[in-house]
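Here's the structure we're looking at; comments come further down.
The values are calculated or read from the model by the stated rules, or taken from the named source; none is laboratory data. The structure presented is a predicted model; accordingly, all values stated were derived computationally and were not measured. Cβ coordinates were reconstructed from backbone atoms using ideal geometry, including for glycine residues, and neighbour counts include every protein chain displayed. Quick note on the areas: whole protein, heavy atoms, side chains included, nothing else; ligands and nucleic acids left out. Shrake-Rupley method; radii C 1.70, N 1.55, O 1.52, S 1.80 Å.
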Amino acid sequence: MRWLPWPLILLVLAPVAAQVEETDWSVTTGSNASQRYAPLDQIDASNVSRLERLWTWTSPDVALVAEDPKFKSRRMRPGNHQASPLKLGDRLYTTSPLYQITALDPGSGATLWSYDPEGYSSGRPTNLGFTHRGAAHWTDGTGQVPPRLFYATGDARLRAVDALGGEPVGDFGDGGAVDLTLGLRREVSRRKYTVSSPVTVCQDVVVVGSSISDVPTHPEAPPGDVRGFDARTGEQLWIFQSIPQPGEVGHETWEDGSWEYTGNANVWTLMSADEDLGLVYLPFGTPTNDWYGGHRLGDNLFSESLVAVDCRTGKRRWHFQMVHHGLWDYDLPTSAILGDFEVEGRRVKAAMQLSKQGFLYVFDRVTGEPVWPIEERPVPQTGIVGERTSPTQPFPTQPPPFERQGLSEEDLIDFTPELLAEARRILQKHHYGPLYTPPSEKGTLNLPGWGGGANWPGGAFDPKTGWLYVPSVTSPVAMTLRKPDPSRSSFDYIGSIQLNVRGPAGLPLVKPPYSRLTAYDLTKGGIAWRVPLGNGPVGHPALRDLGLENLGSGARGHVLLTDSLLFVATGRQVFELPEMAELELFGESAVGELAGTNEEEEGAPRPAPPMEAWNFEPSRLSAFDKATGELLWSTELDEQIGGSPISYLHEGKQYVVFAVGGQAEPAKLVAYGLPD
């Protein structure tokens, strides 16, 4: 017998691992856990500098807008392209701002089919106008029913499309669609009720939220109830009422009959689910109206609450209210991130909720118990007649906030004595104070502002390390309350918001960084590292001789985590914007309804923002070291980045894909990867 050398014996006997050629990205956030994580490492620190754009796909919206005269009106133009595509087998699926849904080849970007439900025919949707963040996917688990794509459109319809052929599913609802204005506890206007975020599928139930007009003229508004629909038939199976009705838990927190007419308190953003537990996690928003609550006294459960409900029945399992009687538009802006990690020797099945106000709330996702204590602490009180603020608000004791909270002179920009003196003068024009300082007739500066902190792009979680990565922005807003014209509104007070609180010489009012990336080590309950995102206005005439760098661009980051890298996509940012008047927060002149506020403005071009060298920062795709926050690679893009990136393997090659464009630019998907 001839013996083989022992190294060769080991080679022969060792099992050969099958090389993975394909991976999926089955939900817009990666999975129903919303971790934005892909277990891939083909692209790593050693080769990321070689990344290049492999293909670009242009949305069918571009041809539609060019051919159809109705889109010449500024009011009807598509908004930002914010969809994150799905990757399933040999196909990518994406939605467009005008609600077309398309299947693409994941290796080339070639269009395989496209379906246009003409969801734009009902006119411009409320709030953000024509924008959409993606679809959901469902199979019956047996192969007997063709796979389906579900998405709800701006005309308030839930649609089902055959994932293979791109045709509407005829036996779902009414010819492939369910009218979402029906089945609620009171009649709603399609003009004020829409959907822009992905639906969630859990245990054969399609869970649907809503985007409700944030600019009401009266306390009566559409309810923000969440509903579950049968994935096979479209039948409405359950409804969770966000404003508890008589006999329901929390009903007493709506005083003086306000439960009967108050609306909003809706889930406008993404959701997450744990199919093993049979729970879907609902992040609710602010009730009507965002800034004044004299018409809805009380704590207002379940507004600004995270609520876990049974996927099949909609029954509440647990809840936690982050803001009592909200007056700051601090709605929960993103889906809870679900993940497991160890804390002091015990395994925690967690639900991690990021907030606009810069808090990270961490709960046991089974029971709803906080992993670390959350304390009720006294907060500033209102001086507005008829209003009654909550005496306390919940403050997590751990982990620490990821964003700056509240305003004082110590927060003002102070690179030079002249800048600080001017910043102090601007500050004194306003009411200001710690977090939860209420709106006022003088005008209150809030930091974080109504856009966060965190927002719908959420964060990314590493299930192998228990680390969480959070992008955020530092941008104060000014909120002023005043009496409305009684012929236009029945509110006692309405709000006017100054979106761009300009500091000295056109610079930001507060110290940098203006956008940042925070890494939490949740096994320790603390911050591991924190870095700015972008350079910011370092070339401003008042700053360029100071040798500054890395002030943060002020643009919101979209994160993607792999086994080897942390990718961050940031849109372009302009610091010195054109003068913007304060906006009344009701009617057609309100923020979110800016396009086409009257007939004379229809089609009129807006002034272009200045793009001087000091104040303009381009869109970027960057890669960071996960352990240290070191920037490893970055590339500039000509297009505006609007969507969160995804990553997958196709035919053995790793791709990073994300949405760009919209508004004045063609909506596209772009794919990056290593050269062949």
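List of remarks:
- Å² of accessible area per residue within region 126-199, as computed with a 1.4 Å probe and no ligands counted: 37 Å²
- Using a probe of 1.4 angstrom and keeping all protein chains present, the accessible surface of region 314-390 works out to 37 square angstrom per residue.
- Simple spin-label estimate for Thr111 and Asp256 in nanometres, 7 Å along Cα-Cβ: 5.5 nm
- Debye-formula intensities of region 294-347, expressed as log10 I(q)/I(0) at q = 0.15, 0.28, 0.29 Å⁻¹, are -0.61, -1.10, -1.13 (one equal scatterer per alpha-carbon, no solvent).
- Considering region 269-389 at the alpha-carbon level, its Rg and Dmax are found to be 15.5, 51 Å.
- The charge dipole of the chain, taken about its Cα centre with unit charges on the Cβ of Lys, Arg, Asp and Glu (plus for the first two, minus for the last two), comes to roughly 460 debye.
- Two numbers describe the Cα atoms of region 444-485: Rg and Dmax, which are 16.1, 57 Å.
- Ellipticity at 222 nm from helices only: DSSP H runs of n ≥ 4 in the chain, each -39500 (n - 2.57), divided by the residue count, give -1000 deg cm²/dmol.
- Centroid-to-centroid separation of region 317-394 and region 42-114 [C-alpha atoms, Å]: 35 Å
- Measuring nothing but protein heavy atoms, the accessible surface of the chain at 1.4 Å probe radius is 51 percent carbon and sulfur.
- Reach of Lys349 by Cα under 30 Å, taken over lysines that are not fewer than 8 positions away in the same chain: Lys87, Lys315, Lys464, Lys524, Lys626
- Per-peptide average of other Cβ atoms within 10 Å, ordering 316-328, 191-203 highest first: 191-203, 316-328
- Percent antiparallel among DSSP beta bridges (both partners in the chain, rounded to 5): 95 percent
- Rounded to whole numbers, the Karplus 3J(HN,Hα) couplings from phi for region 639-651 are 8, 6, 8, x, x, 7, x, 10, 9, 7, 9, 9, 6 Hz, using 6.51 cos²θ - 1.76 cosθ + 1.60 with θ = phi - 60°, and x at Gly and Pro.
- Most to least packed among 362-369, 62-69, 507-514 [average Cβ atoms within 10 Å]: 507-514, 362-369, 62-69
- For region 423-575, the spread of Cα coordinates along the three principal axes comes to 59, 42, 27 Å, biggest extent given first.
- Anchor Lys72: lysines whose Cα lies under 24 Å away (excluding residues fewer than 8 positions away in-chain): Lys192, Lys668
- Label zone at Ala627 (point 7 Å along Cα-to-Cβ), backbone N below 15 Å, region 40-71: 45-46
- At a probe radius of 1.4 angstrom, the accessible area of region 506-551 per residue rounds to 38 square angstrom.
- Within the shell defined by Cβ-Cβ distances under 9 Å, the residues around Asp331 carry a net charge of -2, with Lys and Arg each +1 and Asp and Glu each -1.
- Loop-located trypsin sites (Lys or Arg not before Pro) in region 424-504 whose Cβ has at most 16 other Cβ within 10 Å (DSSP): Lys429, Lys442, Lys464, Arg488
- In summary, the lysines within cross-link reach of Lys442, defined as a Cα separation below 18 angstrom excluding same-chain residues under 8 places away, comprise Lys429, Lys483.
- Where N is the number of residues in region 220-301, Cα Rg divided by 2.2 N^0.38 Å: 1.21
- Selected from Ala135, Ser121, Ala110, residue furthest toward positive end of dipole (region 71-137; charges at beta carbon): Ser121
- Annotation: peptides 539-551, 213-225, 166-178, ranked by per-residue average of other Cβ atoms within 10 Å with the highest first, follow the order 213-225, 166-178, 539-551.
- Rounded to two decimals, the Cα radius of gyration of the chain over 2.2 N^0.38 Å is 0.94.
- Counted over region 96-232 with a bin width of 10 Å, the fraction of Cα pairs per bin, in whole percents, is 12, 42, 33, 11, 2, 0.
- Loop sites in region 269-366: GluC sites (Glu not before Pro), DSSP, at most 10 other Cβ within 10 Å: Glu344
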